[in-house]
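Everything below concerns the one structure shown next.
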Amino acid sequence: MAEFLTDITEIRDRARQEIDKGPITPAYGADLERVIQVCNEALATELVCVLRYKRHYYTATGIYA
């Protein structure tokens, strides 16, 4: 069994090495193009919601608005 690592410097060094590999590794099994498409669609939906909220903020006035 591997020894439990408690040295914070070693933990940070290992984390930096892993981060440099990037988010998409050879073991990643999903269709990258489809993942990007879904993420872009989700982002677009969120942006539309923000714009809708802002429009409601600026057009609503008074207690009955």
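The values are calculated or read from the model by the stated rules, or taken from the named source; none is laboratory data. Small disclaimer: the values here were computed from a predicted structure and weren't measured. Cβ: placed from backbone, ideal geometry, glycine included. Neighbour counts: every protein chain shown. Calculation scope for accessible area: heavy atoms of the full protein, side chains included, ligands and nucleic acids excluded. Shrake-Rupley method; radii C 1.70, N 1.55, O 1.52, S 1.80 Å.
Here are the numbers for this structure:
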quantity	calculated
Selected residue (criterion: most open to solvent (accessible area, probe 1.4 Å)) from residues of the stretch 25-38 that are among the hydrophobic types (A, V, I, L, M, F, W, C) and assigned to a loop (DSSP other than H, G, I, E, B)	Ala27
Residue among Tyr64, Tyr53 that alone is open to solvent by 90 Å² or more (accessible area, probe 1.4 Å) and in a loop (DSSP other than H, G, I, E, B)	Tyr64
Residue check for Glu41: under 14 Å from the mean Cα position of the chain (by Cα), open to solvent by 90 Å² or more (accessible area, probe 1.4 Å) and free of Cβ contacts under 8 Å to residues at least 40 places away in the same chain	yes
Residue list for the stretch 11-24, filter: open to solvent by less than 100 Å² (accessible area, probe 1.4 Å), in a helix (DSSP H, G or I) and either of a type in the set (A, V, I, L, M, F, W, C) or modelled with pLDDT under 85 (or both)	Ile11, Ala15
